[in-house]
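Undergrad: First the structure, which I've put down as structure tokens, then a few questions once you've had a look.
The values are calculated or read from the model by the stated rules, or taken from the named source; none is laboratory data. All figures in this text were calculated on a predicted structure; none of them were measured in a lab. Positions of Cβ are backbone-derived with ideal geometry, glycine not excepted, and every protein chain shown enters the neighbour counts. What goes into the accessible areas is simple: the full protein's heavy atoms, side chains included, and nothing from ligands, DNA or RNA. Shrake-Rupley method; radii C 1.70, N 1.55, O 1.52, S 1.80 Å.
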Amino acid sequence: MLRLTARRLALPLFTVILLLSAGIAYAQYDSLPGPAVSFLRDSLDSYVRRALADWRIPGAAVCVVKDGRILVLKGYGVTDLDHPDPVDENTLFMIGSNTKAFTATALCLLESEKKLSLDDPVTRWLPQFRLDNRLAGQQAILRDLLCHRIGFRTFQGDFTYWTSNLTRDQVIEKMAHIKAVYPFRTTWGYTNAAFLTAGQVIPRVTGLSWEAFVRQRFFQPLDMTRTLALSEELPVATNKCSPYTISGGKLIRIPFPRIDNLAPAGSISSSVHDMSHWLLMQLNHGTYRGKPVIPASVIEETRTPASIIGNGGSLFNSGHFALYGLGWFLEEYGGRKIVSHTGGVNGFVTSVTLVPEERLGILVFTNNDQNGFYEALKWEILDAFLDKPYRNYSQVYLGFFNQQMRQEEARDQRLRDTVAMHLPTGLSLAAYTGTYSNPVYGTMRVGLESHSLVMRFSHHPDVRASLSPLGGDRFYVVFSDPELGKAVFPFHVEGGRVRSVTVKVADFVEYTPYEFTRLGAGK
């Protein structure tokens, strides 16, 4: 996923959503395990509706395929709380990092056609590609980009790129300024910019843009007629879900994210109807409706382990490994190989799961980015098919998320209480103003607006961060974009002059803090 997990949880939902369910279900349950029949036929609808209320998810869509058949293809809830059209099997959701499997498959397909090799140096196709570790930049191959092993920490650099005004080429250039946390090829670190870079190889090889290639080679032969390659296409599309998040304890609608500068990492929007075709092809060795779309060898290449993540398993049942292939997470669970990915972008979290040995595929799409249901339902369905006990993952996850939210709200209240004390700052407010620079991000400016400090960022011109004094040189910061969160920013003062400030956005965007140095601080 672009974002690996959803953030916090939500609280009760509106009654009207409980009453809405659209789509179709195919009751082809012969030969299925008893628990799977019981859950899909008797419990799925009530489970989903209850979860939508518990997690405050306006809309969701679910698909289950087995042995080449569609068992479930349904929508639940509404697309938008202000215009409550029911979600159906054709409703569009952004699928986030589930885009990565399309990008990795595209590169593997080009390798099968002898147009490139995954062992080609990245610089063969993109001579401008650089990393801060010069030798790593020279030695990096296409496969490294597709399995997250270039040395970056998970999400490292994403604040710079995420919903920014940078172009794709500028994002690739920015990678050269990131100080990798890990030695090259030693540690898995989820890197969205690496997948963008891999996607930008496609036009060098084929003459087609990434988006044109995936439309031509995947969407068209798979009859994915409503699937969109770019995020800019979604706001004007019909039958789409609006994005929601939680801010200040309230469920709020937020703008559709514009992330086409990272398109190969996460810009696709699709429906469970269209994505069921992707599942059927993936589970049938690359063939869809009797026609080969992708060689079976390409599918196997994407599912071959390339990076070690750690041990696998769910909350209740153990697994023995967690790996990453090319655009897919790989793990053992219940003696089966699980091929899966999640996707999280502003307002949406989704999951795609394949169990090739069982010819089983599961999709769960949601339009509130703060929920654990999209993963909980996946595990519930998997356990039912693997004849494991019913665990009610959604309620268990909800308990964890509720606790986390209470802790975050208590912390936030303490900070607001401190602000209300009007503690004196170490310097005059004007002393903190000025232009600041970070070697990765670029520039940021702190100014006085209505007698308060405000930060504005050069690559996010619509974002402002309001600073409230906590005493001394520390400030409580609230971003205008709720996805960037709330934080405490310390300014660093030497000899009575501000030298720098530490900027930290929400973990949902990036874990790594940024140090911005005040220009002219040494004068």
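Undergrad: So Asp387 clears everything in (1) outside any helix (DSSP H, G or I); (2) on the phi < 0 side of the Ramachandran plot except one condition, right? Which one?
TA: (2)
Undergrad: Please state which of the following conditions Lys378 fails to meet, knowing it meets all the rest: (1) open to solvent by 40 Å² or more (accessible area, probe 1.4 Å); (2) farther than 28 Å from Val463 by Cα; (3) charged (D, E, K, R).
TA: Every listed condition holds for Lys378 apart from (1).
Undergrad: Regarding Phe184, is this residue surrounded by 21 or more Cβ atoms within 10 Å (Cβ to Cβ), closer than 29 Å to Val339 by Cα and at pLDDT 95 or above?
TA: So Phe184 fails the test.
Undergrad: Could you check Gly495 against (1) among the small types (Gly, Ala, Ser); (2) touching a residue at least 60 places away in the same chain (Cβ under 8 Å); (3) more than 21 Å from Tyr161 (Cβ to Cβ) and say which number it fails?
TA: Every condition holds for Gly495 apart from (2).
Undergrad: Only residues that are open to solvent by 10 Å² or more (accessible area, probe 1.4 Å) and more than 18 Å from Asn368 (Cβ to Cβ): list them for segment 256-276, please.
TA: Once the filter is applied, which keeps residues that are open to solvent by 10 Å² or more (accessible area, probe 1.4 Å) and more than 18 Å from Asn368 (Cβ to Cβ), segment 256-276 yields Arg258, Asp260, Asn261, His273.
Undergrad: Among the residues of segment 120-157, write down those that are under 16 Å from Thr302 (Cα atoms) and either open to solvent by less than 20 Å² (accessible area, probe 1.4 Å) or free of Cβ contacts under 8 Å to residues at least 60 places away in the same chain (or both).
TA: Result: Ile141, Leu142, Asp144, Leu145, Leu146, Cys147, His148.
Undergrad: Go over the candidates Gly199, Gly207 one by one and state the one that is more than 30 Å from Glu408 (Cβ to Cβ) and open to solvent by less than 10 Å² (accessible area, probe 1.4 Å).
TA: When all the criteria are applied, what remains is Gly199.
Undergrad: Here's a follow-up. Could you list, in sequence order, all residues of segment 505-517 that are of a type outside the set (S, T, N, Q) and open to solvent by 50 Å² or more (accessible area, probe 1.4 Å)?
TA: Once the filter is applied, which keeps residues that are of a type outside the set (S, T, N, Q) and open to solvent by 50 Å² or more (accessible area, probe 1.4 Å), segment 505-517 yields Asp507, Tyr511, Pro513, Glu515.
Undergrad: Here is a check on your reading of the model: is Ser164 within 20 Å of Gly344 (Cβ to Cβ) and open to solvent by 10 Å² or more (accessible area, probe 1.4 Å)?
TA: yes
Undergrad: In segment 465-488, what residues are over 29 Å from Gly372 (Cα atoms) and either part of a strand (DSSP E or B) or open to solvent by 50 Å² or more (accessible area, probe 1.4 Å) (or both)?
TA: Once the filter is applied, which keeps residues that are over 29 Å from Gly372 (Cα atoms) and either part of a strand (DSSP E or B) or open to solvent by 50 Å² or more (accessible area, probe 1.4 Å) (or both), segment 465-488 yields Ser466, Leu467, Ser468, Pro469, Gly472, Arg474, Phe475.
Undergrad: Restricting to segment 408-438, name every residue that is touching a residue at least 40 places away in the same chain (Cβ under 8 Å), loosely packed, with under 15 Cβ neighbours inside 10 Å and assigned to a loop (DSSP other than H, G, I, E, B).
TA: Met421, His422, Leu423, Pro424
Undergrad: Among the listed residues Met444, Met455, Met405, identify the single one that is in a helix (DSSP H, G or I) and open to solvent by less than 40 Å² (accessible area, probe 1.4 Å).
TA: Met405
Undergrad: Follow-up. Pairs under 8 Å by beta carbon, first residue at positive phi in segment 60-74, partner open to solvent by less than 40 Å² (accessible area, probe 1.4 Å), six or more apart or different chains?
TA: Final answer for the pair search is Gly68/Leu280; Gly68/Leu283.
Undergrad: Quickly run through segment 500-518 and pick out the residues that are in a strand (DSSP E or B) and either more than 16 Å from Ile178 (Cβ to Cβ) or in contact with a Lys or Arg (Cβ under 9 Å, 6 or more places away or on another chain) (or both).
TA: Ser500, Val501, Thr502, Tyr514, Thr517, Arg518
Undergrad: Right, something else. Which members of segment 196-213 meet the condition of being in a helix (DSSP H, G or I) and polar (S, T, N, Q)?
TA: Thr197, Gln200, Thr206
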